[in-house]
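Visitor: Please find one structure pasted underneath; my questions will follow.
The values are calculated or read from the model by the stated rules, or taken from the named source; none is laboratory data. Computed from a predicted model, the values in this text were never measured in an experiment. As a convention, Cβ positions derive from the backbone with ideal geometry for all residues, glycine included, and neighbour counts pool all protein chains shown.
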Amino acid sequence: MSQDVELDPADSLTAGAVGQPGRRVFMLQAARGGQIYSWVLEKEQVVAMARASYELLSQIGEHEMTKELLGKGPLGASTPEFDAAMALKPDQPAFRIDANTITMRYEDDRHLIEIAFSELTDIEIEMPASVRIVVNPRQLAAFGIQGMKVVAQGRPTCPLCGHPMDPEGHVCPATNGHNPRVR
């Protein structure tokens, strides 16, 4: 069984992927005090978290921060927050994240954002491992940008059905059995 983790505050938060497009494993990674923590999640979870990051920043009046980070060099690479968000170090992940448990919450009194989630388990256990990561708005903005960048580096999507395409094409449900290989 995995252990609970609390990073308050975290030094960095990033999303990344290892492997070839179509067979990538997506990871969420955070660090504090030289200790790196990794968790596995699905590509859709990375997209959802990146979008939720921007929405939360918009709600608290910090959405301009994303534009500011994007404006500083190639994808904001000149800021420490963005450099930290790009620094995925593939490691042995602690566990796979349960998508139904991911939450983001703004702590108004501290002007920080809490991200929390739990372990996905196959069996009923009393208490799955939980994680609580606290970041500042700049770190969250950099995380959102990096998350979308990682997802965009995957396979191209079919213009007809939106499903990912392999280099040799794919069987497209939108063609209704006609032209079985769309390229």
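Visitor: Quickly run through the stretch 94-141 and pick out the residues that are touching a helix residue (DSSP H, G or I) at 6+ places or on another chain (Cβ under 8 Å), of a type in the set (V, I, T) and assigned to a loop (DSSP other than H, G, I, E, B).
Guide: Within the stretch 94-141, just I102 meets the criteria.
Visitor: How many residues, within the stretch 37-92, are modelled with pLDDT of 70 or more and among the polar types (S, T, N, Q)?
Guide: Summing the residues that are modelled with pLDDT of 70 or more and among the polar types (S, T, N, Q) in the stretch 37-92 gives 6.
Visitor: Considering only residues that are at pLDDT below 80 and assigned to a loop (DSSP other than H, G, I, E, B), look in the stretch 164-177 and name the one that is nearest to Q20 (Cα to Cα).
Guide: Only one residue fits best here, namely P167.
Visitor: In this structure, does P137 turn out to be modelled with pLDDT of 90 or more and within 22 Å of Q35 (Cα to Cα)?
Guide: When the stated conditions are applied, P137 passes them.
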